[in-house]
Structure formats: structure tokens, C-alpha cells
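Step one of this worksheet: look at the structure below.
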Amino acid sequence: MEETDMVNHPPHYNCYEHEVIELTSMIDFCMGNVVKYILRADHKGRKAEDLKKALWYLDYFNNSPLHDKNEYGDLLEKNEAFRELVRSYKSPLLVAVLDDPLVDGRLALQLAIKDAEIEELKSQLAEEKAKPHYRDGLTDKDWSEVNKLFRRADDLWRDSMGNYTIWSMSR
């Protein structure tokens, strides 16, 4: 069995045609982190968290006067090698963010975060449904037994006509 190299080639960055560092090394620090968090989001188990980190770096990039917001969109349009590298990751979200980080890409990232949060909530709900539920320290099986006892007791208090004998005794 081949051992995973979590330092030099972690699987969450090495699961594409090209390693993520091939792209991140071509762009600035903030957008490199945006790319890194988008591309690893599906592979590390905390998708919403990784996408929120990507959004944080994207907002930092967008709010900095030092960055040209059209730089990567222009690269996608004019530089075929860059465009092909970006497309090799097969991430429409990545393309949207690089093409228009200020508006469409940011919106696409926000929507991806909401979708990931919904999926995480669905997963939590499924896990919760799979657990035995406890009410006052009793499991569902215990409550089933309690309900059987109540039904038996109810049957014992009814007479042959279906009336509760306890009521007839109190007359």
C-alpha cells in the first residue's frame, strides 16, 4: 500500500490533472489562497469552512487598492496556457472567481457557501436521525416498551363493553 505524502503532495491538492501549486505559484498571495481553498473544499471534509476562507481572501483582494480586479479575467481571456491550466481543474466556481472577482465570482462563491452549508445541515440531520433518541434517559426501544405497558393497562381497565371499569367503580 502506497503511503500518502501529506507534506509534499497532499491528496487534497494532488487530485487534479495538475497540482494546485502549479496555479497558485502563478498568481498573487490572496488569489492563490482563494484558489487553494476553492480547490481543496471538496476534498478535506469541511467544504463550507474552506469556501468561507476563500471568500475572506477574495474580499481582502477586492478591498485592496493594490490589486487589479481585471488581471485574472484578462489572463483567462488572453493567455491560452493560463486558461487551459485553470480549466484543467474542472471548477466552474474557480473560473467565475478568477474571471470576475468583484461581482459574479464573489456571488458564485457566496452561493457555493450556502449550498455547502445546506449539505452539511442535511448530513447532520441524517446523523441525528440515525442515533437512538433519548427522552428523560430512555431510548426509543424503552419508550416502545412503556407504550406496550400502557396499552395493556388500558385493556385491563376496560370491561367487555369497552367502558373503563374504573369509571363504573366510581359511580
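Brief remarks follow.
- The residue list H43, H67 contains one member that is modelled with pLDDT under 95, open to solvent by 70 Å² or more (accessible area, probe 1.4 Å) and in contact with a Cys (Cβ under 9 Å, 6 or more places away or on another chain), which is H43.
- Among the residues of segment 100-131, the one identified as surrounded by fewer than 13 Cβ atoms within 10 Å (Cβ to Cβ) and touching a residue at least 12 places away in the same chain (Cβ under 8 Å) is E119.
- Of all residues making up segment 45-69, the number that are touching a helix residue (DSSP H, G or I) at 6+ places or on another chain (Cβ under 6 Å) and not in a helix (DSSP H, G or I): 1
- Taken over segment 132-147, residues that are at pLDDT 75 or above and either open to solvent by less than 80 Å² (accessible area, probe 1.4 Å) or part of a loop (DSSP other than H, G, I, E, B) (or both) amount to 7.
- Residue match in segment 77-85 (condition: part of a loop (DSSP other than H, G, I, E, B) and closer than 19 Å to S25 by Cα): yes
- Pairing residues of segment 17-44 that are free of Cβ contacts under 8 Å to residues at least 12 places away in the same chain with residues that are part of a helix (DSSP H, G or I) and hydroxyl-bearing (S, T, Y), at Cβ distances under 7 Å and at least 6 apart in sequence or on separate chains, gives G32/T24.
- Residues that are modelled with pLDDT of 90 or more, in a loop (DSSP other than H, G, I, E, B) and not aliphatic (A, V, I, L, M), drawn from segment 1-40: S25, D28
- Residue, surrounded by the fewest Cβ atoms within 10 Å (Cβ to Cβ), within segment 70-95, restricted to residues that are under 25 Å from the mean Cα position of the chain (by Cα) and of a type in the set (K, R): K90
The values are calculated or read from the model by the stated rules, or taken from the named source; none is laboratory data. Here the structure is a predicted model, which means the values were calculated and not measured. Positions of Cβ are generated from backbone atoms using ideal geometry, with glycine treated the same way; all protein chains shown enter the neighbour counts. When the accessible area is computed, the model is the full protein with side chains, heavy atoms only, and any ligands, DNA or RNA have been set aside. Shrake-Rupley method; radii C 1.70, N 1.55, O 1.52, S 1.80 Å.
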